[in-house]
Amino acid sequence: MVKTDEKSINSDNAAIFALPSYLKQRKSLVDKALDNSLSIKKPETIYQAMRYSLLAGGKRLRPILCLATCELTGGSIDMAMPTACALEMIHTMSLIHDDLPAMDNDDYRRGKLTNHKVYGEDIAILAGDGLLAYAFEYVAANTYDIPAERIVRVIACLGRTVGAAGLVGGQVLDLESEGKPDISSQTLTFIHTHKTGALLEASVVSGAILAGASAEDITKLSQYAQNIGLAFQIIDDILDITATDEELGKTAGKDLQAQKATYPSLWGIEKSQTHAQKLIDDAIAQLATYEEKAEPLRAIANYIIIRNH
Ligand code: GRG
């Protein structure tokens, strides 16, 4: 097999998309853009706390999806980068708040001490608030050469995604379900389509909106994102049981400890894996009309199921 930058050539001379180098290159672009997005001003503590979590690593899956769909539907990386950074700011703030003692009470995230362990609960709450507000400012103030109507649609999409109709709503039902391991698979799916799936869907859809994609494209890409979003969470639940603290960068086994209903607790690991694979197959089926141009999205979907962190 011959390896080029983003493609490998197999023995039949067919091009195989080389996901690892693609993810590495995109992550590096996103990391640089995030580093440049937020400098330290006064009061220094809050900027340091915001940068601590924003630059703590992570796969950068949401920004990478946003850039990929923008390119797929005719846009460029530059058009989507401010929104890609905003998505990571929102994701990071949700992790900071999720880790607080009032919520999941975690000491480690991305292999480092959680924000409140370093800066205290008061500053961690404010660091999350600061990142959330800055995400919206950042899209509005830094997106150039795109019709304002598309930018307003992206901002509306992000607002809907973080609020009670999205992450906040999913988190509330998750908190209310704690200690009730007998909740139904419908409730579990509601939690995860809101808590995890909504931001992945917004990542995919916002890239397409910025590029001026048709309503038909946006519908197909939303469907792709909903499927990978749920598969992502099923695999996350399995990894909580099967992976180590080091692989996860946080304490493993917490779902069991908190008596949380999860997909493996409802269905067992094998059935959960089969269901996740079906969702990935359905996601990939949505990309049929894009042919080779959708290889990054297909490869990302397949990666979601085989990842170990
Ligand atoms: C959004 C206003 C607002 C408040 C937050 C706390 C909360 C409400 C929601 C919780 C959202 C949450 C933490 C969902 C879990 C999502 C998830 C599976 C995170 C792990 O994502 P990865 O694996 O992590 O992409 P990395 O570290 O790679 O970025």
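The values are calculated or read from the model by the stated rules, or taken from the named source; none is laboratory data. All figures in this text were calculated on a predicted structure; none of them were measured in a lab. Quick reminder, even Gly has a Cβ in these numbers, built from the backbone with ideal geometry, and neighbours come from all protein chains shown. To get the accessible areas, we keep the full protein, side chains included, count just its heavy atoms, and leave off ligands, DNA and RNA. Shrake-Rupley method; radii C 1.70, N 1.55, O 1.52, S 1.80 Å.
Pop a pseudo-label 7 angstrom from the Cα along the beta-carbon direction at both Asp145 and Leu113 and give the gap in nm to one decimal.
Output for this residue pair reads 4.4 nm.
Which whole-number percent of Cα pairs in the chain have a distance greater than 25 Å?
Considering the chain, 49 percent of its Cα-Cα pairs are separated by more than 25 Å.
On the accessible surface of the chain, probed at 1.4 Å, how many percent belong to carbon and sulfur atoms?
54 percent
Which helices count as membrane-span-like in the chain under these terms: full DSSP H, at least 18 Å along the axis by C-alpha, Kyte-Doolittle mean of 1.6 or more? Before the final figure, lay out each step's value.
On the way: long enough: 19-37 (26 Å, -0.75); 77-98 (31 Å, 0.72); 121-142 (30 Å, 0.79); 148-162 (21 Å, 0.89); 198-211 (20 Å, 1.86); 215-242 (40 Å, 0.26); 269-285 (24 Å, -0.43).
Qualifying helices: 198-211.
If I take R0 = 45 Å and measure r between the Cβ atoms of Ile16 and Lys42 in this structure, what FRET efficiency does the formula 1/(1 + (r/R0)^6) give, to the nearest 0.05?
Computed FRET efficiency for Ile16 and Lys42 comes out at 0.30.
Could you work out how far the C-alpha centroid of the range 53-120 sits from that of the range 245-261, in angstrom?
20 Å
Of Ala133, Ala84, Ala211, which is the most mobile in a GNM of the chain whose springs link Cα atoms less than 10 angstrom apart?
Ala133
Mind listing the long-range amide H neighbours of Arg109? Cut-off is under 5 Å, sequence gap 5 or more, other chains count too, H placed in the peptide plane at 1.01 Å from N.
So Arg109 has HN proximity to Thr114.
So if each residue of separation counts as 0.36 nm, and I subtract the Cα-Cα distance between Glu246 and Thr219, what length gain in nm does that give?
On the way: separation 27, 0.36 × 27 = 9.72 nm, distance 3.80 nm.
Full extension from Glu246 to Thr219 adds 5.9 nm.
Given labels modelled 7 Å from the Cα in the Cβ direction, how far is it in nm from Ala285 to Gln186?
Here the answer is 2.3 nm between the modelled labels.
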